[in-house]
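The values are calculated or read from the model by the stated rules, or taken from the named source; none is laboratory data. Being a predicted model, the structure only gives us computed values, none of them experimental. Using ideal geometry, Cβ is built from the backbone for each residue, glycine included, and neighbour counts are taken over all protein chains shown. Surface accessibility is based on the protein's heavy atoms, side chains included, excluding ligands, DNA and RNA. Shrake-Rupley method; radii C 1.70, N 1.55, O 1.52, S 1.80 Å.
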Number of protein chains: 4
Amino acid sequence: MISFNNDYSEGAHPNILNALIETNFEQTDGYGEDYYTNLAYEKIKTALNCDDCHIRFLVGGTQTNLVVISHLLRPHQAVISSDVGHINVHETGAIEVTGHKVLTTEKIKDGKLTSETIKKVLDIHTDAHMVQPKMVYLSNPNELGAIYTKEELKNIYEFCKENNLYFYIDGARLSSALASEKNNIDLSDYKDLCDILYIGATKSGALFGEAVVFFNLSLVGDFQYSIKLRGALLAKGRLLGIQFNELFKNNLFVEIGKHANKMAKKIKDIFVKNNIPFVVDSYSNQLFVIFSNELIKKLSDKYKFSIIEKYDENNTVVRFVTSWATKEENVDEFIKDFKEIIK
Amino acid sequence: MISFNNDYSEGAHPNILNALIETNFEQTDGYGEDYYTNLAYEKIKTALNCDDCHIRFLVGGTQTNLVVISHLLRPHQAVISSDVGHINVHETGAIEVTGHKVLTTEKIKDGKLTSETIKKVLDIHTDAHMVQPKMVYLSNPNELGAIYTKEELKNIYEFCKENNLYFYIDGARLSSALASEKNNIDLSDYKDLCDILYIGATKSGALFGEAVVFFNLSLVGDFQYSIKLRGALLAKGRLLGIQFNELFKNNLFVEIGKHANKMAKKIKDIFVKNNIPFVVDSYSNQLFVIFSNELIKKLSDKYKFSIIEKYDENNTVVRFVTSWATKEENVDEFIKDFKEIIK
Amino acid sequence: MISFNNDYSEGAHPNILNALIETNFEQTDGYGEDYYTNLAYEKIKTALNCDDCHIRFLVGGTQTNLVVISHLLRPHQAVISSDVGHINVHETGAIEVTGHKVLTTEKIKDGKLTSETIKKVLDIHTDAHMVQPKMVYLSNPNELGAIYTKEELKNIYEFCKENNLYFYIDGARLSSALASEKNNIDLSDYKDLCDILYIGATKSGALFGEAVVFFNLSLVGDFQYSIKLRGALLAKGRLLGIQFNELFKNNLFVEIGKHANKMAKKIKDIFVKNNIPFVVDSYSNQLFVIFSNELIKKLSDKYKFSIIEKYDENNTVVRFVTSWATKEENVDEFIKDFKEIIK
Amino acid sequence: MISFNNDYSEGAHPNILNALIETNFEQTDGYGEDYYTNLAYEKIKTALNCDDCHIRFLVGGTQTNLVVISHLLRPHQAVISSDVGHINVHETGAIEVTGHKVLTTEKIKDGKLTSETIKKVLDIHTDAHMVQPKMVYLSNPNELGAIYTKEELKNIYEFCKENNLYFYIDGARLSSALASEKNNIDLSDYKDLCDILYIGATKSGALFGEAVVFFNLSLVGDFQYSIKLRGALLAKGRLLGIQFNELFKNNLFVEIGKHANKMAKKIKDIFVKNNIPFVVDSYSNQLFVIFSNELIKKLSDKYKFSIIEKYDENNTVVRFVTSWATKEENVDEFIKDFKEIIK
């Protein structure tokens, strides 16, 4: 079986694995108080062109979102998200479990937020009988694979600052966004585009790991406590440092995104050529397309991909995902088989 | 510097690291739905001599405790712990953050619970104006390094069953307990000694990982949801499976405990010989002793160990910890230096 | 000024006030363990034609909803509500603060739930990465003044039972529903229409007070603890008993609804006659209509009513509410003035 | 039966009841946005000699404590209390349910806090692996009936300010403290003695009601939201205003305390004269004494009082409480009967 099911099907990028092997017997302090973690912080700060940011590493995505959001909000405050936002749908209510409502904007085809849709949420939450919107959450690329432009994020961030909202960007697949042909945002731009950025490594070649970057230092507070009390402080914290240290050497993080996107593009091209309908256009490592149930059946003997939802009686929305580990030969084989089946 | 600071200073046991290397490019399903995870479940069931238990893997200790405890308790229910219990002191209120009071038993020198001290807590919580005690938590070895006997755990479990309390054992350092000269409990005994056991791997040679074992299947419910909503469901779940699979091959888990205890015993012997006072007697991989501040100063140039708390003006409680990775040559060097300094 | 702003603008119905005066110096046990509370339970059970139900009194509506919902749901479970549901919009995230997501059904003009719209929510929440829908919440009359029929509630309850959902009806204004010309449900029918009913008194002539009725006794559990831990256990509990005791004497509860509805009907008629557009048709004590901003301005010198939301540049949605205390002479005066202004 | 069981056995002080009757048909805005509430705020400010404080009314004591404490603390922060503190024992974990640990000081005979015992708690909570103590809670009079002096509170408040702790005083029975012969604190002193004071009315002649007073305005924030989201915002808020308005007319609040204390003193005297042992000496309206079980049995036919806990095989700790409503003739009758029985 060849899997395009997700971007966390394999272990770690070889550079990362080698670094773990080489450092295995060194003795370090726990909980991220080690040399490698600090080294990785420095590398990321360089990539972000930001000396003054505060960075901490966590293990997973839902964990990162719940730690960051519950760190910032008071009990009466809510976070605004797209209705397809990961925190709204796919985190088993993790944000609500910490006591906060996720307010959703109106349904938009590509799932992207705008200051206009955010404003509509603010307009109807105006007194103490309703939650107080205090934060905006979005993912780039978002949950449907769409990419934000620099202007779009700038516009949202301006709106947030005018309205006393924190702006938090979930970059679980940021490497793919950075490498996208539609992207015009450099890592070093992000410091001017949001208060907090999370840079994902789990889906970009690490065994696990997400970096939370506070550009807005006034929000840091006792973040270390917030990590610990959610059970998110890794004992062998250096594992996160070692991995991020590798990802931010020689541009590896963006290279991983490039490879993933390139593999996705090859698959996209064959879908386009064969008039497979896209749910939304994609320029990242995720493709959301509508397959006939018959096509799914024929492909499923040899290929894995995600079943998202029923489209109609005869068709289904499916997702193809590529990664640093996707082998071009497997993509080519898929293309060959796909052509064969579709004709 | 040589560190006896804790048992999570190094990476992973070589067997585990090799297994991660060998499997690195295999494609598996995420979230623990993979071959290795199931294989590890089977190995652990065999070691526990228990076909009918339910096992899930989590990443860290505080995470495991908060997921398990909040999974089982309703909002009005509390967990009973020793006053030195990890959940009571060293988890930044992680249990309370999930909404539950930690009720502590009266102070006992070695920190061990008994049905008598638990009963006193029950006796004063009798109506709806007070929390309802519903669970007993203890660690074996406990936070002061003490080891429970089979009879002691059996007695507590009987009491729990008579009083409708869940009994949950935190085995963060279970390998050390199993290997202790004071231990008379085999892994296969635990199914008759508690409702839920957590078998720790982070402190026994894994990069990270803790196994939660439900012997009492009526308590499983929607545990997978409980894991996910706390951000504790690892995307690359197979990493946990691969690691536990190695730990439960060829008795490695217990061997790791044996080595750690043996190294601790060598250090203990030199302390005993030199009349260093122990806070509590220890037969596990943790030693709690009282050092003069002068002694601490002299040793600290070359050795790391944990400062626990001030004992009096001139003396301090310190902790020495050994592990699978503690090199006997380093222990010998410490002993030599210690003798030199102490004389 | 004459107020049609809400149904909690005055003190208590004279019968209730007199009962409070008469009993003032009696000594009773606290926390609802008194004679009057038990007497009121019996009267309500008679009205419900249900010996086997469990009743408890609380102080307010948001309090009641959060106590009941958090009593029933586990951390991974969510409650389904209309998007206009009181718990979704007007309780400052009180349900989320207890850790539970409010899942909303698609937007429906009159805000009424159906098994079809509930089913759509179930259909997209199918695994442990999403919350588990476990409860259905609706108000009768609902937040837009609409009235459910017996068949509609029966249909939803059947659906709930088939799908293991608890069904909870918020009757904050139940007296108005019972007295509505569109209503075909007697109080004694409710035992077959839901698991839990809350009968509101605050908006039906009491100083305060809401009765929670568990028809499904398997859900009672430690409800007294759930009340206490949310700070909802009134010390002088007999105040609730005394008030409900009066409301359920001589059909007072329904009479109060009849008067409120009758007053609303008179106002409705004049609006209809003058082609004032209704947001939804209403047969209860709440009227939601669209006023021109000019009309609002002219009426506001003498009359109070609620501004709900902007409709367009020149028009606004407003709400008129009547109650047990609405004087017919005031209604007549309003009608006279309204005619004058509108012509 | 004559009850000395508690100070919430009757309805309301006649002045309060009369005010409720007189205002019953006035129309006011809800949720405390009314004339009487503002009038009561002004009266309390005058009594406190503090123009610049922020006041809000709530319904009950546990509710007040949980709203205030959860309003002020972030998730990693804890409140320090005496081990006998109401929030620690008798609120069914209400504080923990909002996510916060209650840290207890060492056991002190009369349950009074001191800066020394508070400091010991701070000294062992020093890093992110433990909760962060951020607030001190005490009751005056405390849960054992003891009275704080001005110097004691001043000392604690100084300590709090030096250590960045909020200081919150629970005055559920403040009227009794103010009227105590041991008291040297005037209401107008409190503004210099703490950040937040709660002035209790439920136990001082109101049907219900507690006033939260923020002397430290920097802590007010969005307190109205904090009230609403816990279900603690009373719809007919004027009921609280009307009641407090009466309590702070003509010194009624203190007069109520005086009467209660005077009645308690008469009972105390007969206990002292007959060598009934006191658990702690008392100068407030609560008496904690040790009765033989035989004595309890003899008195229980005619008198109600609280059984607190077993003292030994033959003796039991009991509590006598007096209030504004305690009739001197009943006290005299008790004294007569007591003498008869004891001799």
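If you place +1 on the Cβ of every Lys and Arg, -1 on the Cβ of every Asp and Glu, and leave all else neutral, what size is the dipole of the protein assembly as shown about its Cα centre, to the nearest 20 Debye?
Working: 156 positive and 184 negative charges, 1 e Å.
That gives the protein assembly as shown a dipole magnitude of about 0 debye.
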How large is ³J(HN,Hα) for each residue in the range B:99-112, as worked out from phi by the Karplus curve 6.51 cos²θ - 1.76 cosθ + 1.60 (θ = phi - 60°), to whole Hz, x for Gly and Pro?
x, 10, 6, 9, 8, 9, 7, 4, 5, 10, 3, 8, x, 7
DSSP beta bridges in the protein assembly as shown, what fraction antiparallel, as a percent rounded to 5?
55 percent
Pick from D:THR149, D:THR105, D:THR64 the residue whose mean-square fluctuation is largest in a GNM of chain D, springs joining Cα atoms under 10 Å.
D:THR149
If you add up the charges near D:ASN293, with Lys and Arg at +1 and Asp and Glu at -1, over every other residue whose beta carbon is less than 14 angstrom from its beta carbon, what do you get?
-1
Note, ³J(HN,Hα) from phi for the range B:12-17, Karplus 6.51, -1.76, 1.60, rounded to Hz, x at Gly and Pro:
10, 3, x, 4, 5, 4
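Calculated from DSSP H runs of 4 or more alone, at -39500 (n - 2.57) each and per residue, what is the 222 nm mean residue ellipticity of chain C, nearest 500? The partial results should precede the final answer.
Details: 13 runs with 131 residues, N = 343.
That calculation yields -11000 deg cm²/dmol at 222 nm.
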Considering only protein heavy atoms, what per residue accessible area in square angstrom results for the protein assembly as shown with a 1.4 angstrom probe?
36 Å²
Phi-derived 3J(HN,Hα) across the range B:66-77 with the Karplus relation (6.51, -1.76, 1.60, θ = phi - 60°), rounded Hz, x for Gly and Pro, is 6, 5, 5, 5, 6, 5, 8, 8, 8, x, 8, 9
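Leaving ligands and nucleic acids out of the surface, order D:GLU143, B:GLU10 by accessible area at 1.4 Å, largest first.
D:GLU143, B:GLU10
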Mind ranking C:HIS71, A:HIS129 by accessible surface for me, highest first, 1.4 Å probe?
A:HIS129, C:HIS71
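Just flag the GluC sites (Glu not before Pro) in the range D:291-343 sitting in loop per DSSP whose Cβ has no more than 15 other Cβ atoms within 10 Å. Walk me through the numbers on the way to the answer.
Details: sites: D:GLU294, D:GLU309, D:GLU313, D:GLU328, D:GLU329, D:GLU333, D:GLU340; in loops: D:GLU313.
Answer by residue number: D:GLU313.
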Given contacts defined as C-alpha pairs under 8 Å and at least six residues apart, what's the relative contact order of the range C:217-343, whole-number percent?
24 percent
The percentage of the accessible area of chain A (probe 1.4 Å, all protein chains present) made up of carbon and sulfur atoms, to the nearest whole number, is 47 percent
Please work out the Kirkwood hydrodynamic radius for the range D:1-66, using every pair of different C-alpha atoms, and report it in angstroms with one decimal place.
14.7 Å
Nearest residue to the symmetry axis between D and C, taken on chain D by its Cβ, in whole Å:
D:VAL59, 3
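Determine the sum of side-chain charges near A:LEU219: Lys and Arg each +1, Asp and Glu each -1, restricted to other residues whose C-beta is under 14 angstrom from that of A:LEU219. Numbers along the way, then the final one.
Numbers: positive: A:ARG56, A:ARG74, A:LYS134, A:LYS161, A:LYS191, D:ARG74; negative: A:ASP52, A:ASP195, A:ASP222.
Once positives and negatives cancel, what remains is +3.
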Ordered by number, the trypsin sites (Lys or Arg not before Pro) in the range C:263-335 that occupy a DSSP loop and have at most 14 other Cβ atoms within 10 Å are C:LYS302, C:LYS327
Over all Cα pairs of the range C:285-343, how is the pair count split among 5 Å bins, expressed in % and running from 0 up to the last occupied bin?
4, 17, 28, 28, 16, 6, 1, 0
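Take every DSSP beta bridge whose two residues both sit in chain B, then give the antiparallel share in percent to the nearest 5.
55 percent
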Note, A:VAL89: beta-carbon cut-off 15 Å, +1 each Lys/Arg, -1 each Asp/Glu, net -2
If one takes the accessible area of chain C alone plus chain A alone and subtracts that of the pair, with a 1.4 Å probe, what total in Å², rounded to the nearest 100, results?
1400 Å²
With only alpha-carbon pairs counted, each pair once and no self-pairs, how large is the Kirkwood hydrodynamic radius of the range A:187-343 in angstroms?
18.3 Å
Amide H within-cut-off set for C:ASP83, under 5 Å, with H built and near neighbours excluded
C:THR105, C:ILE108
In the range C:33-60, which residues become less accessible by 10 Å² or more once every protein chain is in place, relative to the chain on its own, using a 1.4 Å probe?
C:VAL59
Looking at the range B:153-238, which GluC sites (Glu not before Pro) are in a loop (DSSP not H, G, I, E or B) and have at most 16 other Cβ atoms within 10 Å?
B:GLU181
Mean other chain Cβ within 10 Å across B:120-132 is 5
Which percent of the Cα-Cα distances in the range C:217-257 go past 13 Å?
66 percent
Mind checking which aspartates and glutamates have their Cα closer than 14 Å to the Cα of D:LYS109? Skip sequence neighbours fewer than 8 apart in that chain.
D:ASP83, D:GLU143, D:ASP281
Taking Cα centroids, how far is the range B:1-58 from the range C:4-41 in Å?
63 Å
In whole Å, largest first, what are the principal axis extents of the Cα atoms in the protein assembly as shown?
86, 84, 54
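So for the range D:162-265: antiparallel DSSP bridges make up what percent, rounded to the nearest 5? Let's see the in-between values first.
Numbers: 5 of 9 bridges.
Within the range D:162-265, antiparallel bridges account for around 55 percent of the total.
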Kirkwood Rh, chain B, all Cα pairs: how many Å?
20.8 Å
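Determine the dipole magnitude for the range D:1-155: charges of +1 sit on the beta-carbon of Lys and Arg, -1 on that of Asp and Glu, nothing else is charged, the reference point is the Cα centre, and the result goes in debye to the nearest 20. It would help to have the intermediate numbers written out before the result.
On the way: 13 positive and 21 negative charges, 126 e Å.
Result for the range D:1-155 is approximately 600 debye, rounded to the nearest 20.
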Put simply, what bits of the range C:228-273 lose 30 Å² or more of accessible area when the other protein chains are there, versus the chain on its own (1.4 Å probe)?
C:LYS228, C:LEU229, C:ARG230, C:GLY231, C:LEU234, C:ALA235, C:LYS236, C:LEU239
For the range C:182-219 and the range B:91-119, distance of Cα centres in Å:
41 Å
Placed amide H near D:LYS101: partners under 5 Å, 5+ positions off or other chain:
D:VAL79
Amide H proximity to B:TYR166 below 5 Å, modelled H, separation 5+ or other chain, gives B:MET135, B:VAL136
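Take peptides A:82-90, B:166-174 and line them up by average Cβ neighbours within 10 Å, highest first, as a rough protection proxy. All intermediate terms of the calculation are to be shown ahead of the outcome.
Values: A:82-90: 21.2, B:166-174: 26.0.
Top to bottom by mean Cβ count within 10 Å: B:166-174, A:82-90.
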Once you've got the GNM for chain C with C-alpha springs shorter than 10 Å, pick whichever of C:TYR36, C:TYR311, C:TYR190 has the biggest mean-square fluctuation.
C:TYR311
